[in-house]
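To keep things clear, I will list the structure first and then write my remarks on it.
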Amino acid sequence: MPDDARMPVRQSVFGQPAPRIDGRAKVTGQARYAFDEVVANPAHAFLVTSTIARGRITGFQLDEARATPGVLDILTFQTVGGEAGPLPPPGGQGGKNTESLQSDRVWHAGQIVAVVVAETPEAAREAAEKVRVDYVEEPPSASFGSPGVETLALADVEKGGGGGPQEGHEDPKVGDAEAALARAAVRIDQRYSTPPQHHNPLELFTTTCEWRDGQLTVYEGTQFAHGLKATLAKQISIDPANVRAVSRFIGGAFGSRGGITHRTAWIAIASRRLNRPVRLEATRQQGFTIVTFRAETQHHLRLGASKDGRLQALAHEGWEATSRPSTYNVSGTSTTARLYGCPNVLTKVNVVKLDRQTPGFMRAPPETPYLFPLESAMDELSYALGMDPVELRRINDTRNEPIKGLPYTSRHLVKCLDAAAEAFDWKRRDPKPASMRDGDWLVGLGCATAAYPANIGAASTRLILSPGPHARVQMAAEDIGTGAYTSIALTAADRLGLPIETVAVEGGDSSLPAAGLAAGSNHAASTCNVVAKACEMARQRLAQAAVADKEGPFAGQDPAALRLRDGHLEGANAVREPLDKALGRLGGPLEIYAENVPEGVAADGVQKTYQGQMASARGGELKDQVRYSFGAQFVEVGVHRLTGEVRVRRATGAFAAGQIINPTTARSQLMGGMIWGISAALHEATEIDARAARYVNADLAEYLVPVNADIPEIEVILIPEEDRRINELGIKGIGELGTTGMNAAVANAVFHATGVRIRDLPIRIEKLLDAPALRA
Ligand code: MOS
């Protein structure tokens, strides 16, 4: 058969919309999530969690529980306390974490204090309810302002004893902000706060462990298979070579599965004791305390500007809640200090230690809580100046970040503002607060800047190119629902000149080459760049063999000029041959192992990733430039003049985030991010009983998240942006960007609608009822 008679091969193109390669598997139930993995004859675990928030366990009364039919084992710190070492806080941050099975200490309400294992989930649950725990209780500190809290300035926390996402903590500052504030023509000086929030992924938090001949397999949804493997191995003192973590598909993550939590070691130990697989599916309520959450924050934000609107001073002090033993923090002043041109900047971050679980990542840490005060204050400043808020942001745009004066690798904030303002029809806005109406609805329009660092980490991959032709890409990448496997397949298909249907992606398994943490919007850049590198290595191998083949059509050609396209190897003079034929020269499938260690990442970044170190996995910094994605977000709200009900009526976001790999999933990510932001602004908050330091709305009935009826039309505009400085493919990442400006955009729209400035999220009816505009 002549070549041309073969099925026409569709050239997949990087940057063209493509449906998810795993879409069919997901909608037909073929996709295996962690709890779907089949293990033989499993026993079932149920967690017993602490009813007190602070104190010590003095004993357990287990007779009644043990007598429950089907009970196999009950684990407490007394029976297995020596078997698991301490768990580090998320993100490889310094300081200590809370304990769970290591001692009699209770650090927070809902801490795991015992695990019941039984023949059935029902028996385990029944017995767990019969476990009696005796405590000596101490009064807990529930939240900011509670007696007994301990507040520490992060800069004072010794290096190694605390520290931020990067090692050591530095509060960005430049110039003399206090003096500049004192002499500024216009000043804003306000306090803001964001509430605690909890992840509620559809997929509950589950763990299944199976031991075979000393080899442990852990099936658990994770954003970092090598991290889960390495940390668990260390915790239970076994060789990491004997642990495998599997997480093929994930039903929502966005930080909630970013770090290993206490339950995993308990289940591994339970399974080892019984010499039988053990499965745990924690309840929705338990998910509020056995994993991490977004800590509540407080902010003191001061801006000083000249009469023409130019920022002269910015001072941002933040406070973040954390657990008693940890100094976990997200430190968003790293971004707020650098968002606008401003000669005098002063920042400080404090942690406030409470008797609660250690917090962790939640979509767009830290920009989501930290941009709220800054972007609200910018809106307040625009009114104080009598200036359009878009114009205020435009005139304070900068080519260099103000702290060290480093240029952005690319920054198209103004383009985003212009495109979003145009699409949103911003000019129809009457700037006067409470001036726009639609029947009984007070209408408000607000905007804010979105920003997120463009991270890239070390990664490795194995590419296997076989006759067919087809390609397999293997790497311990995680698809947390974002379409990551599709992006990886698109990259390989594009670079290999193959249709995407012939590219298989195998991920979510620590037996595969290490790729870092699927978080911090780094994963697309980290994974796709190393895949492109592997494809280029494959092309070189094929080209070199082709030009060396004296009988072949490419003999004597320059191998650098040979291309992979449309299922063929192509050279000069319109010479081409099917890829299978080119592969044949290599005598079988071509297997390539590639590593990519981006600039700014330590040379041993891939080894560190294998060892589960998140900091290296998330990437480093450039010496001479800063990397950020930008966006502009516009929101229209309606506030009902009689009831105070707030509804988002429209939302438009424009984003410049480098090379977009797949506009279909990119749009979904940015839209999802914006919905998350609306949720954070209007709905989400975990309520705390101040006396008991317990969460009181720990379920989906009372923890509010938006439903379809809460979400209007959302418009996502992708601004083309080419940035070859950040990485070879110019990818910046978009997982978090879409959330970051939304809190403020909604709050600013509510102010415009009502004249009421809400500085404490979420925005709820009761905070608006006294507004004069509502009674009018
Ligand atoms: Mo994202 S909160 O860094 O998973």
Determine which member of the set 556, 552 is surrounded by fewer than 24 Cβ atoms within 10 Å (Cβ to Cβ), away from the ligand (no atom under 16 Å from the Cβ), outside any strand (DSSP E or B) and free of Cβ contacts under 8 Å to residues at least 24 places away in the same chain.
556
Can you name the condition, by its number, that residue 53 falls short on among (1) under 30 Å from residue 249 (Cα atoms); (2) touching an Asp or Glu at 6+ places or on another chain (Cβ under 7 Å); (3) in a loop (DSSP other than H, G, I, E, B)?
(1)
Could you list, in sequence order, all residues of segment 296-307 that are in contact with a helix residue (DSSP H, G or I) (Cβ under 8 Å, 6 or more places away or on another chain) and either within 16 Å of the ligand (Cβ to nearest atom) or over 26 Å from residue 193 (Cα atoms) (or both)?
297, 307
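Test of understanding: among 206, 194, 231, 222, which residue is among the polar types (S, T, N, Q) and more than 22 Å from residue 520 (Cα to Cα)? Steps first, please.
Values: 194 fails: more than 22 Å from residue 520 (Cα to Cα); 231 fails: more than 22 Å from residue 520 (Cα to Cα); 222 fails: more than 22 Å from residue 520 (Cα to Cα).
From the options 206, 194, 231, 222, the qualifying one is 206.
Filter segment 247-260 down to the residues that are of a type outside the set (Gly, Ala, Ser) and surrounded by 24 or more Cβ atoms within 10 Å (Cβ to Cβ) and list them by number. Outline the logic, then answer.
Kept after step one, since they are of a type outside the set (Gly, Ala, Ser), are these residues of segment 247-260: 248-250, 254, 257, 260.
Answer for segment 247-260, where residues must be of a type outside the set (Gly, Ala, Ser) and surrounded by 24 or more Cβ atoms within 10 Å (Cβ to Cβ): 250, 254, 257, 260.
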What number of residues in segment 534-549 are farther than 14 Å from residue 592 by Cβ and open to solvent by 20 Å² or more (accessible area, probe 1.4 Å)?
3
How many residues are open to solvent by 30 Å² or more (accessible area, probe 1.4 Å) and assigned to a helix (DSSP H, G or I) when one looks only at segment 559-604?
6
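Of everything in segment 750-776, what is part of a loop (DSSP other than H, G, I, E, B) and touching a helix residue (DSSP H, G or I) at 6+ places or on another chain (Cβ under 8 Å)? Give them in sequence order. Break it down into steps so the answer makes sense when it comes.
Taking segment 750-776 as the starting set, the residues that turn out to be part of a loop (DSSP other than H, G, I, E, B) are 755-759, 761-764, 768-771, 776.
755, 756, 757, 758, 759, 761, 762, 763, 764, 768, 771 - these are the residues of segment 750-776 that are part of a loop (DSSP other than H, G, I, E, B) and touching a helix residue (DSSP H, G or I) at 6+ places or on another chain (Cβ under 8 Å).
For every residue, the table says whether it meets (1) more than 16 Å from the ligand (Cβ to nearest atom); (2) at pLDDT below 95; (3) under 22 Å from the mean Cα position of the chain (by Cα); (4) part of a helix (DSSP H, G or I).
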position	(1), (2), (3), (4)
473	yes, no, no, no
485	yes, no, yes, yes
489	yes, no, yes, yes
492	yes, no, no, yes
517	no, yes, yes, no
525	no, no, yes, yes
533	yes, no, no, yes
543	yes, no, no, yes
Please go through segment 172-187 and pick out each residue that is outside any strand (DSSP E or B) and either open to solvent by less than 30 Å² (accessible area, probe 1.4 Å) or hydrophobic (A, V, I, L, M, F, W, C) (or both).
172, 177, 179, 180, 181, 182, 184, 185
Just give me the residues in segment 419-440 being touching a residue at least 40 places away in the same chain (Cβ under 8 Å), outside any strand (DSSP E or B) and on the phi < 0 side of the Ramachandran plot, in sequence order.
419, 420, 421, 423, 424, 426, 429, 431, 433, 440
So which of 695, 703 is open to solvent by 20 Å² or more (accessible area, probe 1.4 Å) and either of a type in the set (Phe, Trp, Tyr) or within 29 Å of residue 169 (Cβ to Cβ) (or both)?
695
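Do the conditions hold for residue 681, that is, is it open to solvent by less than 10 Å² (accessible area, probe 1.4 Å) and closer than 30 Å to residue 433 by Cβ?
Working: open to solvent by less than 10 Å² (accessible area, probe 1.4 Å): yes; closer than 30 Å to residue 433 by Cβ: yes.
So residue 681 fits the description; yes.
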Condition first: assigned to a loop (DSSP other than H, G, I, E, B), more than 30 Å from residue 54 (Cβ to Cβ) and open to solvent by 10 Å² or more (accessible area, probe 1.4 Å). Now tell me which residues in segment 343-382 satisfy that.
343
Within 16 Å of the ligand (Cβ to nearest atom) and either surrounded by 24 or more Cβ atoms within 10 Å (Cβ to Cβ) or free of Cβ contacts under 8 Å to residues at least 12 places away in the same chain (or both), is that true of residue 267?
no
Selection count, segment 367-389, where residues are more than 11 Å from the ligand (Cβ to nearest atom), in contact with a Phe, Trp or Tyr (Cβ under 7 Å, 6 or more places away or on another chain) and within 17 Å of residue 452 (Cα to Cα):
2
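With 454, 364 as the choices, which residue is within 16 Å of the ligand (Cβ to nearest atom) and on the phi > 0 side of the Ramachandran plot? Talk me through it step by step, then tell me what you get.
Values: 454 fails: on the phi > 0 side of the Ramachandran plot.
Exactly one residue qualifies, and that residue is 364.
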Condition check: among the hydrophobic types (A, V, I, L, M, F, W, C), farther than 30 Å from residue 619 by Cβ and not in a loop (DSSP other than H, G, I, E, B). Does residue 414 satisfy that?
no
Answer yes or no: is there a residue in segment 275-287 that is under 20 Å from the mean Cα position of the chain (by Cα) and either away from the ligand (no atom under 16 Å from the Cβ) or closer than 30 Å to residue 22 by Cα (or both).
yes
Output for segment 730-772, where each listed residue is within 16 Å of the ligand (Cβ to nearest atom), open to solvent by 10 Å² or more (accessible area, probe 1.4 Å) and among the charged types (D, E, K, R)
736
Take the residues in segment 208-264 that are basic (Lys, Arg) and more than 16 Å from the ligand (Cβ to nearest atom); name whichever of them is nearest to residue 85 (Cα to Cα).
234
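Identify, from the list 743, 748, the residue that is within 18 Å of residue 711 (Cβ to Cβ), modelled with pLDDT of 95 or more and in contact with a Ser or Thr (Cβ under 9 Å, 6 or more places away or on another chain).
Numbers: 748 fails: within 18 Å of residue 711 (Cβ to Cβ).
Among 743, 748, only 743 is within 18 Å of residue 711 (Cβ to Cβ), modelled with pLDDT of 95 or more and in contact with a Ser or Thr (Cβ under 9 Å, 6 or more places away or on another chain).
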Could you count how many residues in segment 51-80 are open to solvent by less than 30 Å² (accessible area, probe 1.4 Å) and over 24 Å from residue 125 (Cβ atoms)?
1
Looking at (1) open to solvent by 10 Å² or more (accessible area, probe 1.4 Å); (2) outside any loop (DSSP other than H, G, I, E, B); (3) away from the ligand (no atom under 16 Å from the Cβ); (4) touching a helix residue (DSSP H, G or I) at 6+ places or on another chain (Cβ under 8 Å), which one does residue 468 not meet, given that it meets all the others?
(2)
Which number in (1) open to solvent by less than 40 Å² (accessible area, probe 1.4 Å); (2) in contact (Cβ under 8 Å) with a residue 24 or more places away in the chain; (3) more than 16 Å from the ligand (Cβ to nearest atom); (4) among the aliphatic types (A, V, I, L, M) marks the one condition that residue 414 misses?
(2)
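Would you pick out the residues in segment 325-342 that are within 16 Å of residue 170 (Cα to Cα) and either open to solvent by 10 Å² or more (accessible area, probe 1.4 Å) or within 16 Å of the ligand (Cβ to nearest atom) (or both)?
Step one: of segment 325-342, the residues within 16 Å of residue 170 (Cα to Cα) are 327-338.
The answer is 328, 329, 330, 331, 332, 334, 335, 338.
The values are calculated or read from the model by the stated rules, or taken from the named source; none is laboratory data. For clarity, every value in this text was computed on a predicted model and none was experimentally measured. We place every Cβ from the backbone using ideal geometry, glycine too, and count neighbours over all the protein chains shown. Please note that ligands, DNA and RNA were not included when accessible areas were found on the heavy atoms of the full protein model with its side chains. Shrake-Rupley method; radii C 1.70, N 1.55, O 1.52, S 1.80 Å.
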